[in-house]
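Report on the following structure.
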Amino acid sequence: MTANRVFLNDDGIIEIQVRGNQTVDSVQDMGDKTIKLAEELLAANRRVMVLDNLLEMGMVPAEARGRVVELIKSNEYDKLAMLGNDTLLRFGANLMLQATGKGNRVKYFEDRERCIAWLKKP
């Protein structure tokens with residue numbers, strides 16, 4: 001089983017730490033936890049910003065990547081950023097982000113500080 005983690009970080013951002021190899025079920029579990037935190041933020045009239053931290057991610061089968069796109073398309077958030085450190089990952093993440101149709105509300109970063117700054121910017 002993976003050691004994924006979904007939590008509200010010190011910046012008030014929902015952070016998803018994706019660790020190790022993933023499955024459709026592990027992706028869905030992270031999605032469910034993210035939705036729950038987003039609902040809590042919305043109920044408190046707070047912005048919903050999501051940081052998908054992919055720095056420790058392993059293999060992700062096509063079905064699981066498809067589920068990520070579905071979750072990004074269907075959920076309510078102000079901004080979503082993916083954080084990674086690999087050229088191939090950046091390419092794949094940008095393709096997935098384009099497929100969501102969320103435009104300027106989603107972005108890929110390789111630098112955590114720039115990522116957090118973008119998410120916090122109104």
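Miscellaneous remarks
- Amide hydrogen proximity for ASN21: with H placed 1.01 Å from N in the peptide plane, the residues at 5 or more positions away or on another chain lying under 5 Å are GLY58, MET59.
- If you model the chain as an ellipsoid using its alpha carbon gyration tensor, with each semi-axis the square root of five times an eigenvalue, the axes come out at 20, 16, 14 Å, biggest first.
- If the chain linking ASP32 and ARG19 were pulled fully straight, counting 0.36 nm for each residue of separation and taking away their Cα-Cα distance, it would gain 3.0 nm.
- Extending 7 Å from the Cα toward the beta-carbon at both ARG5 and LYS121 defines two label points whose distance is 2.8 nm.
- Cβ-placed point charges (K, R +1; D, E -1), dipole of the chain about Cα centre in debye, nearest 20: 380
- Peptide ranges 74-83, 60-69 listed from the most packed, as the mean C-beta count within 10 angstrom indicates: 74-83, 60-69
- Label sites at GLU76 and GLU110, each approximated as a point 7 angstrom past Cα along Cα to Cβ, lie 3.6 nm apart.
- Summarising the strand pairing of the chain, around 20 percent of its internal DSSP beta bridges are antiparallel.
- Our coupling estimate for the range 74-85, obtained by passing each phi through the Karplus curve with A = 6.51, B = -1.76, C = 1.60 and θ = phi - 60°, is 8, 9, 8, 7, 7, 8, 9, 10, 9, 10, x, 8 Hz, Gly and Pro reported as x.
- Here LYS121 is the anchor, and the aspartates and glutamates within straight C-alpha reach of less than 13 Å, apart from those fewer than 8 places off in the same chain, are ASP11, ASP78, GLU113.
- Computed over the range 5-120, relative contact order equals 25 percent, with contacts defined as Cα pairs under 8 Å that lie 6+ residues apart.
- Projected label points at ALA62 and GLU40, each 7 Å from Cα along the beta carbon direction, are separated by 3.7 nanometres.
Only the coordinates and a few stated rules stand behind these numbers; no lab work does. Since this is a predicted model, take the numbers as computed values, not measurements. When we count neighbours, we look across all protein chains shown, and the Cβ atoms used for this are built from the backbone with ideal geometry, even at glycine.
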